[in-house]
Protein chains: 2
Amino acid sequence: MFSKACEYGIRATLYIAEQSLNQRRVNIREIAKAIDSPEAFTAKIMQQLVKSQIVHSVKGPLGGFEMLRSGSHDIKLYQIVKAIDGDNIYKGCGLGLKECNEEHPCPVHFKFLNIREELREMLETTSITELAKDLDKGIAFLKQ
Amino acid sequence: MFSKACEYGIRATLYIAEQSLNQRRVNIREIAKAIDSPEAFTAKIMQQLVKSQIVHSVKGPLGGFEMLRSGSHDIKLYQIVKAIDGDNIYKGCGLGLKECNEEHPCPVHFKFLNIREELREMLETTSITELAKDLDKGIAFLKQ
DNA sequence: AATAAAAAAGATTTTTTTGTCTTAAATAAA
DNA sequence: TTTATTTAAGACAAAAAAATCTTTTTTATT
């Protein structure tokens, strides 16, 4: 469904969001441990997330990652997926046709319509903060 | 969603199924042209589909591929996906956790539940013959 | 029996994805 | 101002996926 990079990116962001609930800034070593991911690879992905303004980073001692403080905009799952994997999951054709639409549909176009729409809806409405709260409550997990 | 191999595999099977409606056996060159896929790579994928008993092949002049004649069992989309990509799409965790279930869920586990279930249902119930008929009627396409 | 056409098998190459390593830049604290 | 700690950047390496090439096997036709 998602690339490994995207999976790690979502998990990392969720961990940062959880810690940000308590004003904690976290470094890459801690993130990689918390989500059980390869540290150097995760660091690369964090660079993308910082550039896409999904998380904020601070260099130097006591530095690390935290959610943007602006607070005004709550990040949605959709933004992470778009930043890392692009929007092919819910825009591209299920069978890989370059052109696939109502007028020129692939054989499964209408069968996929509902599913893709539900997926898009879910990604666009699910907020990171919402999910982070479940982690904080201990009713959801980021590894194993 | 699916790998390239799986996309080509589905499209190839659909083309063969369409031609089998009219008792036509087709060779790999014709298939690759019809579905706009790399010929040699498609040939490799056909080998998997033959081994998985999704299509039938005949060697030698006038040989090629056709659907199994048994007729008793109508191939479902699900069988092709399982043969090529495995069942990770609707069984594996959306965030890549090794263990993810009701008792130990990832943060999006319950958000994904419906979508994955719908996808599984769709793949398990959609028949290749059904889709092939749409191709035959000219209301669905396998390229562009 | 020889030839030609087709799939099967296996080796190889290319591209993409995943992952690592090294150096540079920033910055807090001693 | 030096040192230590952190992210950023970029080069590099390994593994997987996508794609190709070559040889073998099968079989219909001449």
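The values are calculated or read from the model by the stated rules, or taken from the named source; none is laboratory data. Remember, it's a predicted structure, so these values are computed and weren't measured experimentally. Virtual Cβ from ideal backbone geometry, glycine too; neighbours counted across all protein chains shown.
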Could you tell me which numbered condition B:Asp74 fails, if it satisfies all but one of (1) farther than 21 Å from B:Glu118 by Cα; (2) away from chain A (no Cβ under 13 Å); (3) acidic (Asp, Glu); (4) away from DNA strand C (no atom under 14 Å from the Cβ)? (1)
Identify the residue in the range B:1-54 that is β-branched (Val, Ile, Thr) and within 9 Å of DNA strand C (Cβ to nearest atom) and, among all such residues, is nearest to the other protein chains (Cβ to nearest Cβ). B:Ile31
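Please find, within the range B:19-75, the residue that is modelled with the lowest pLDDT out of those that are acidic (Asp, Glu) and away from DNA strand D (no atom under 13 Å from the Cβ). It would help to see each step written out before you state the result.
Taking the range B:19-75 first, the residues acidic (Asp, Glu) are B:30, B:36, B:39, B:66, B:74.
Within this subset, residues satisfying the condition of being away from DNA strand D (no atom under 13 Å from the Cβ) are B:30, B:66, B:74.
Values: B:Glu30: 98, B:Glu66: 98, B:Asp74: 91.
Top of the filtered list is B:Asp74.
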Looking only at the range A:119-144, count how many residues are part of a helix (DSSP H, G or I) and either of a type in the set (Asp, Glu) or surrounded by 15 or more Cβ atoms within 10 Å (Cβ to Cβ) (or both). 15
Could you give me the residue pairs with C-beta distances under 6 Å whose first residue belongs to the range A:25-37 and is within 17 Å of A:Leu68 (Cα to Cα), whose second residue is within 8 Å of DNA strand D (Cβ to nearest atom) and at pLDDT 95 or above wherever it lies, and which are 6+ apart or on separate chains? A:Arg25/A:Gly64; A:Val26/A:Gly64; A:Val26/A:Phe65; A:Asn27/A:Gly64; A:Ile28/A:Ala43
